[in-house]
Structure formats: structure tokens, C-alpha cells
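Inspection log for the structure reproduced underneath, given as C-alpha cells.
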Amino acid sequence: MLDNVLPSTSNVWIFQCNPKLYKIKEALSDSEVIRCFHWKVKQHKDKIAKGHFGIIWCSGLSGGIYAITELISDPGFFVESDSEKKYWIDLTGEQGSQYRVKMKIIRNLAETPLIKDVI
């Protein structure tokens, strides 16, 4: 099913989303957001790099894979765009320049996510 988009590298990172804090399905339907999406990096800052791939994993009852991404920057201090900010349910602790990576969506699974129970 996903053979044509899965990377042939071991450099794949999981980026977790909590749907109680961020409206990921809505963000993934925004054409401006999916071209350049910022994600906070808390771990492995020295290993994550431009050209690697990412998986957007959503937690919760409908948890699973919601997108496959390509990292288009090394981690650095970035500010989210206004188009991204509007999907936060609670912006506490998310504003301003933070250690993030820029990514673009290469496979959007928001409408048909790979749910954890199926995986």
C-alpha cells in the first residue's frame, strides 16, 4: 500500500501529536501548512537531519500514523507560521522561537490514517 513512499533509509523519525492539544486533521487539510510544516524537536536533536523522513503519529483513541514527511531542514530555532498556529487548541508553551524541524508532507493519511489497532 505504501511501498512507493516509504523511505529506503533507517533515518525515519516519529513525531507525536496529541489531538487534545493540536488539530492535526485540520492542519493536514491546509495546503499552506503541508508545504512547510514545523514540528517541535525534543530528543535526538544531534541525529535528526535534512533529508530524513518523519512519521506523524497521533496519540489517543484514534491513534496511528496520519502523515509521512520529508524533513526539509536540520533542527533549529524556528517560529511557526500563523497558518500553523491557528490549529493549536492551547498555545501555552508553543509560542515563539523553539527548537523545531521544517518538514513537508509527502503522504497525507489524515482521511485514512493507519490506526494503531490495525498496525
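The values are calculated or read from the model by the stated rules, or taken from the named source; none is laboratory data. It should be emphasised that the depicted structure is a prediction, and the values quoted were computed from it without experimental measurement. Using ideal geometry, Cβ is built from the backbone for each residue, glycine included, and neighbour counts are taken over all protein chains shown. The protein model used for the area step is the full one, side chains on, heavy atoms only, and it has no ligands, DNA or RNA in it. Shrake-Rupley method; radii C 1.70, N 1.55, O 1.52, S 1.80 Å.
Quick check on my filter: what residues within segment 26-55 are out of contact with any strand residue (DSSP E or B) (no Cβ under 7 Å at 6 or more places or on another chain) and either basic (Lys, Arg) or crowded, with 18+ Cβ neighbours inside 10 Å (or both)? Within segment 26-55, Ala27, Val33, Lys42, Lys47 qualify.
Of all residues in segment 90-119 being of a type in the set (A, V, I, L, M, F, W, C) and in a loop (DSSP other than H, G, I, E, B), which is surrounded by the most Cβ atoms within 10 Å (Cβ to Cβ)?
Leu109
Annotation note: Cβ proximity below 9 Å between a residue of segment 82-102 that is within 19 Å of Ile34 (Cα to Cα) and touching a residue at least 12 places away in the same chain (Cβ under 8 Å) and a residue that is open to solvent by 60 Å² or more (accessible area, probe 1.4 Å) and in a helix (DSSP H, G or I) (sequence gap 6+ or interchain) occurs for Ser83/Glu32; Glu84/Glu32; Tyr87/Glu26; Glu94/Lys85. Select from segment 5-18 the residues that are modelled with pLDDT under 90 and in contact with a strand residue (DSSP E or B) (Cβ under 9 Å, 6 or more places away or on another chain) and list them in ascending order. Once the filter is applied, which keeps residues that are modelled with pLDDT under 90 and in contact with a strand residue (DSSP E or B) (Cβ under 9 Å, 6 or more places away or on another chain), segment 5-18 yields Val5, Leu6, Pro7, Thr9, Asn11. The set of residues in segment 56-76 that are open to solvent by less than 40 Å² (accessible area, probe 1.4 Å) and part of a strand (DSSP E or B) comprises Ile56, Cys58, Gly64, Ile65, Tyr66, Ala67, Ile68, Thr69, Leu71, Gly76.
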